[in-house]
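A quick write-up on the structure given underneath.
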Amino acid sequence: MKYSKLFGKTLRQPPKDATTVNHRLLTQAGYVEQLMAGVYTYLPLGLRVLTNIARVVREEMNLIDAQEILMPTLHPKANWEITKGWSNIDVLFKLKSRTDKEYALGQSEEEVVTPLVKGRISTYKDLPLCLYQIHWKYRDELRAKSGILRGREFFMKDLYSFHDTQEDFQRFYEIAKKTYLKIFKRLGLTAKVTEASGGGFSEKISYEFIVLTDAGEDTILYCDSCDFCVNVDIAKLKLGDLCASCKKSKLKQAKGSEVGNVFDLGQKYCKDFDITITGRDGEKIHPIMGCYGIGISRIMGVIVEKYNDKNGILWPKEATPYQMHLVGIGLDNKDILSKTHETYRKLQNKNVEILYDDRVDVSPGEKFADADLIGIPVRLVVSKKTGDKIEYKERDKEKTEMLSLEEVVKKVHV
């Protein structure tokens, strides 16, 4: 992609109303634009990041035999009345049509996926069943803030599993837990698994995946010596108490942002929609459901909160919109212009995703500042000084190298 043609250029000044790092940097670097509080347009760079995060999630979901579907976001009121969500869930967006029929915008999909499954399962042999989607969700947040960390409209992966026994649910939960941690690791994030209340989804204890960040809205207690972690909202422990798990270290307190969760829904929704199957002993039973969410747009914001410096964003390789950022210096010189264009073309032919700053009337300093702000992991420079080589610099390092085109390609495919 040539930067001169890119829709959504960098801004010289950050937005005045930006109170968080992710809102400021994502807007200034040309990834998003706020339409109103909690609602954002994702510009080409931003959409590429969302797509890459979704790709990682999709790859890992498919490896645990979850099947992808796509469900409506416009739901009939009747389904939400069956589960009592219409009157009990305060963040539910409600609409009325010209014919006075009422609808909800999906903030979760239990009210759609459960009747979808009804009639398609009849015996324990049809289970376990795991269905997921990657789609937009809507929640009527009273205080949509923190940039894309808490929106009224957000991009999410939600998975729903059906089981004939509690033991099988626990078996799958452990698989999902390990998969979630793998997803976050691939995206450069370390998440802690915390206990939390089920909120409006379940009366049982749920599990949240929290990434430590000062921009987070959750406060947790955690242990440095083991994996113990708990949300302070339900904790009987306090800062400085001895870890309840390993008994080795005192608990520390930190802010964090939720990037994923899992709920044990029990039999509630299957009872609500009257789903019964034949169990292993021949008796009629209601399946047990689990719900598993990952906030894809929220992860994008968390990555920016975690990976940035005074100059801009530092994208992890799996999330970055492009693998390399090619900067041409002195493009008013025909020889340099020709060499830079040739470098761009050859890298594209080698399946390297590259953003090419082809602007002629911009100073080197401004080009370098934009490259740092945008945050692509590798910057390449072609100029008179580089001769027949290419200057190679990683975004998070000061060191530069002079490499041949073949050496550049080799590095990107490592």
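The values are calculated or read from the model by the stated rules, or taken from the named source; none is laboratory data. The structure presented is a predicted model; accordingly, all values stated were derived computationally and were not measured. Cβ sites come from the backbone with ideal geometry, for glycine too, and all protein chains shown count toward neighbours.
In the stretch 206-220, the count of residues that are within 30 Å of THR123 (Cα to Cα), modelled with pLDDT under 90 and either buried (at least 20 other Cβ atoms within 10 Å of the Cβ) or in the same structural domain as HIS23 (by TED's automatic domain parsing) (or both) is one or more.
Table: residues versus (1) β-branched (Val, Ile, Thr); (2) closer than 18 Å to VAL304 by Cα; (3) out of contact with any Lys or Arg (no Cβ under 9 Å at 6 or more places or on another chain).
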position	(1), (2), (3)
ALA29	no, yes, yes
VAL32	yes, yes, yes
PRO44	no, yes, yes
LEU47	no, yes, yes
ALA54	no, yes, no
ASN62	no, no, yes
ALA66	no, no, yes
ILE69	yes, no, yes
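With respect to the conditions (1) aliphatic (A, V, I, L, M); (2) under 30 Å from LEU11 (Cα atoms); (3) surrounded by fewer than 23 Cβ atoms within 10 Å (Cβ to Cβ), ALA254 lacks only one, and its number is (2). Can you spot a residue in the stretch 395-402 that is surrounded by fewer than 16 Cβ atoms within 10 Å (Cβ to Cβ), over 31 Å from the mean Cα position of the chain (by Cα) and in contact (Cβ under 8 Å) with a residue 24 or more places away in the chain? The answer is no; no qualifying residue exists. Scanning the stretch 290-326 for residues that are of a type outside the set (S, T, N, Q) and assigned to a strand (DSSP E or B) gives GLY290, CYS291, TYR292, GLY293, ILE294, GLY295, ASP309, GLY312, ILE313, MET324, HIS325, LEU326. Out of the residues in the stretch 268-290 that are farther than 14 Å from VAL117 by Cα and in contact with a strand residue (DSSP E or B) (Cβ under 8 Å, 6 or more places away or on another chain), which is surrounded by the most Cβ atoms within 10 Å (Cβ to Cβ)? For the stretch 268-290, the residue satisfying everything is LYS268.
Quick grid of which residues meet (1) at pLDDT 95 or above; (2) in contact with a Lys or Arg (Cβ under 7 Å, 6 or more places away or on another chain); (3) closer than 30 Å to VAL21 by Cβ:
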{"position": "GLY312", "(1), (2), (3)": "yes, no, yes"}
{"position": "ALA319", "(1), (2), (3)": "yes, no, yes"}
{"position": "HIS325", "(1), (2), (3)": "yes, yes, yes"}
{"position": "ASP332", "(1), (2), (3)": "yes, no, no"}
{"position": "LEU337", "(1), (2), (3)": "yes, no, no"}
{"position": "ARG345", "(1), (2), (3)": "yes, no, no"}
{"position": "LYS350", "(1), (2), (3)": "no, no, no"}
{"position": "GLY365", "(1), (2), (3)": "yes, no, yes"}
{"position": "ARG379", "(1), (2), (3)": "yes, yes, yes"}
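Checking the structure you have, find out if any residue of the stretch 251-262 is over 17 Å from the mean Cα position of the chain (by Cα), assigned by TED's automatic domain parsing to the domain that holds LEU181, free of Cβ contacts under 8 Å to residues at least 24 places away in the same chain and farther than 27 Å from LEU159 by Cβ. No: the stretch 251-262 contains no residue that is over 17 Å from the mean Cα position of the chain (by Cα), assigned by TED's automatic domain parsing to the domain that holds LEU181, free of Cβ contacts under 8 Å to residues at least 24 places away in the same chain and farther than 27 Å from LEU159 by Cβ. Considering only the stretch 132-142, I want to know if a residue exists there that is closer than 28 Å to LEU221 by Cβ, of a type outside the set (Ser, Thr, Tyr) and out of contact with any Lys or Arg (no Cβ under 8 Å at 6 or more places or on another chain). Yes, the stretch 132-142 has at least one match. Within the stretch 319-363, the only residue that satisfies the criterion of being surrounded by fewer than 17 Cβ atoms within 10 Å (Cβ to Cβ), of a type in the set (A, V, I, L, M, F, W, C) and touching a residue at least 24 places away in the same chain (Cβ under 8 Å) is VAL360.
Can you pull out every residue in the stretch 148-172 that is part of a helix (DSSP H, G or I) and of a type in the set (A, V, I, L, M)? Passing the criteria: ILE148, LEU149. Only strands (runs of 3 or more DSSP E) whose full extent lies in the stretch 190-289 are considered here, and the ones with at least 2 residues that are among the charged types (D, E, K, R) and more than 27 Å from ASN88 (Cβ to Cβ) are 252-266. Hey, among the residues in the stretch 185-195 that are closer than 13 Å to ASN261 by Cβ and surrounded by 21 or more Cβ atoms within 10 Å (Cβ to Cβ), which one's modelled with the highest pLDDT? That would be ALA191.
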